[in-house]
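Structure record follows, encoded as structure tokens.
The values are calculated or read from the model by the stated rules, or taken from the named source; none is laboratory data. Note that this is a predicted model, so its numbers are computed, not measured. Neighbour counts run over all protein chains shown; Cβ positions are idealised from the backbone, glycine included.
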Amino acid sequence: MARRSKVVADFDAAVADIPDGATIAIGGFAQPGVPFNLVAALGRQGAKRLTCIANTTGGAHKPRMPDIGMLVENGQVAKVVCSFTAGTRASDVLPFTPYYERGEVDAEIVPQGTLAERLRAAGAGIPAFYTPTAVGTELAEGRETRVINGREYLLEYALPVDVALLRAHQADEAGNLRFRRSQRNFNPLMAMAAKLVLVEVEQPILPAGAIDPDDVHTPGILVHRLVQVPPPPDGIWPMKREAR
Amino acid sequence: MPWSRQQMAERLAREFQDGWIVNLGVGMPTLIADVPLGEREVIFHSENGVIGYGPVTPPGQEDLHLVNAGGQNVTLLPGAAIVHHADSFALIRGGRMDVTVMGAYEAAANGDFANWKVKGAKGGGIGGAMDLAASAKRVFLMMEHRTRDGSPRLLQRCTLPITARGVVTLVATDLGLFAPTGEGFAVRDLAPGATLDEARAATACPVSD
């Protein structure tokens, strides 16, 4: 049986066919697991009217890394879906913030666990679910709730994705992924939720079978394209944040 | 002398019972991971799926693949485990957190609190706060008793958009440790030199001994 490798030559080739109007999910929590190189390539590629899903829009820390805020500055983003649309400190002004305040980009703020579960649901064939999170808050105003076993729950819908941009530590040519430490975060869920899954990989991409099947975090059937991250300065790697 | 942030962290850590699973939020609560707990074993959980992390990593030894909820590079303790975000929040919603410790802008006598949106802002920062507040067994808050301009943060009712209704167990401030009672706050402990009258003057609802 023939086996097709999922390895792509470079980041620009990986993102070349992302269309205007696509819904893009971007993995990562703080720096671990963020696909910096694929985000930078999407910036060069220039697709417009994107909906971007990630934990944050990025940009409050130094050094500045490729993030949704950069795509917003590029005029590529119509809407973001994030658990933070402001920084963790009230004094933070994110690169995203002035565009949002001027109404040039829309935002949907979603509690982090609800965001994760909406992605998981989209990949799991579950159209909606009830959660206790955000009941009684302004996020629940005007929305459907239901009392189950005496407790009130809020209806949340699955969040399907067109293209997921992910970062993994190891991959084999079949697309099986393994993450390291807290790099895993949203990445496996975005792989489940997306129709097209692009992954930047830190270690040299392995032949199929080199990762023990018991150690695979995301199965290769969910993954379409792999690009190995070159060493710096050609590739972008996590950097120690400056103290604030 | 009001409590320093470190002393607030130490006071809340005294409430932890042996075997608890504890989630620490961004900012002040991260100080708690460094407080010595003696004979008690507590497991720290972070929203990004890290179960069993330890103190912040010494400079120069950081593992850039490993952060806590605040994005600080931390250490893993023996027995640690890592899961993805949906499993991490399944642990939260599933009621496995014995306590979550968070910063807050306001806490109210009815147990409501607010920590995700400031006055006049269009955006906000929810992170995992609403999930944790809704489903942890206890919610401990760590906050300054007053705003920078001296207004009370402990109120009859929150004025900012709330994070969750009626969930607060304890509030540690620079003046002491307080528990919402429905009508006001009960003093559980006072910082050295702080008086009941001082706490009453700094609080916008009744404070009981």
So residue A:234, is it in a helix (DSSP H, G or I), away from chain B (no Cβ under 14 Å) and either out of contact with any strand residue (DSSP E or B) (no Cβ under 6 Å at 6 or more places or on another chain) or under 22 Å from residue A:56 (Cα atoms) (or both): no
Output the residues belonging to the range A:31-43 that are in a loop (DSSP other than H, G, I, E, B) and buried (at least 24 other Cβ atoms within 10 Å of the Cβ). A:32, A:33, A:34, A:35
Given the residues B:13, B:80, which is the only one that is without any contact (Cβ under 8 Å) to a residue 40 or more places away in the chain, out of contact with any Lys or Arg (no Cβ under 8 Å at 6 or more places or on another chain) and over 23 Å from residue A:179 (Cβ atoms)? B:13
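Report, by residue number, each residue of the range A:104-120 that is more than 9 Å from chain B (Cβ to nearest Cβ) and either closer than 21 Å to residue B:128 by Cβ or over 19 Å from the mean Cα position of the chain (by Cα) (or both).
Listed by number, the residues that qualify are A:104, A:108, A:118.
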Considering every residue within the range B:50-62, establish whether at least one is on the phi < 0 side of the Ramachandran plot, touching a residue at least 40 places away in the same chain (Cβ under 8 Å) and polar (S, T, N, Q). no
Flag if residue A:91 is within 12 Å of chain B (Cβ to nearest Cβ), buried (at least 24 other Cβ atoms within 10 Å of the Cβ), of a type in the set (S, T, N, Q) and over 17 Å from residue A:167 (Cβ atoms): no
Taking the range B:115-159 on its own, how many of its residues are within 13 Å of chain A (Cβ to nearest Cβ), out of contact with any Lys or Arg (no Cβ under 8 Å at 6 or more places or on another chain), outside any loop (DSSP other than H, G, I, E, B) and farther than 16 Å from residue A:110 by Cα? 0
Selection over the range B:10-56 where residues are part of a helix (DSSP H, G or I) and out of contact with any helix residue (DSSP H, G or I) (no Cβ under 6 Å at 6 or more places or on another chain) yields a count of 7
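Restricting to the range A:156-182, name every residue that is within 18 Å of residue A:194 (Cβ to Cβ) and part of a strand (DSSP E or B). Spell out how you get there, then give the answer.
The first filter runs over the range A:156-182 and keeps only residues within 18 Å of residue A:194 (Cβ to Cβ), leaving A:157-168, A:171, A:174-177, A:179.
Within the range A:156-182, A:157, A:161, A:162, A:163, A:164, A:165, A:166, A:167, A:168, A:171, A:177 qualify.
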Sort through B:118, B:139 and tell me the only one that's modelled with pLDDT of 95 or more and among the β-branched types (Val, Ile, Thr). B:139
Among residues of the range A:131-161 being among the hydroxyl-bearing types (Ser, Thr, Tyr) and surrounded by 16 or more Cβ atoms within 10 Å (Cβ to Cβ), the residue farthest from the other protein chains (Cβ to nearest Cβ) is A:153
Verdict on residue A:242 being in a strand (DSSP E or B) and either closer than 14 Å to residue A:33 by Cα or within 14 Å of another protein chain (Cβ to nearest Cβ) (or both): no
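Would you point out which residue out of A:223, A:197, A:201 is in contact with a helix residue (DSSP H, G or I) (Cβ under 7 Å, 6 or more places away or on another chain), free of Cβ contacts under 8 Å to residues at least 40 places away in the same chain and of a type in the set (Val, Ile, Thr)?
Numbers: A:223 fails: free of Cβ contacts under 8 Å to residues at least 40 places away in the same chain; A:201 fails: in contact with a helix residue (DSSP H, G or I) (Cβ under 7 Å, 6 or more places away or on another chain).
So the residue among A:223, A:197, A:201 that is in contact with a helix residue (DSSP H, G or I) (Cβ under 7 Å, 6 or more places away or on another chain), free of Cβ contacts under 8 Å to residues at least 40 places away in the same chain and of a type in the set (Val, Ile, Thr) is A:197.
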Tell me, please, whether a residue that is under 14 Å from the mean Cα position of the chain (by Cα), surrounded by fewer than 23 Cβ atoms within 10 Å (Cβ to Cβ) and within 30 Å of residue B:143 (Cα to Cα) can be found in the range A:76-83. yes
When the residues of the range A:201-222 are narrowed to those that are hydrophobic (A, V, I, L, M, F, W, C) and assigned to a strand (DSSP E or B), which ends up surrounded by the fewest Cβ atoms within 10 Å (Cβ to Cβ)? A:206
Within the range B:62-94, work out how many residues are over 12 Å from residue B:33 (Cβ atoms), at pLDDT 95 or above and in a loop (DSSP other than H, G, I, E, B). 8
Just wondering, is there one or more residues in the range B:172-195 that are under 18 Å from residue B:115 (Cα atoms), in a loop (DSSP other than H, G, I, E, B) and at pLDDT 95 or above? yes
Taking residue B:36 as the residue in question, decide whether it is surrounded by fewer than 23 Cβ atoms within 10 Å (Cβ to Cβ) and more than 25 Å from residue A:187 (Cα to Cα). yes
Tell me, please, whether a residue that is assigned to a helix (DSSP H, G or I), of a type in the set (Gly, Ala, Ser), more than 8 Å from every other protein chain (Cβ to nearest Cβ) and farther than 16 Å from residue A:22 by Cα can be found in the range A:53-65. no
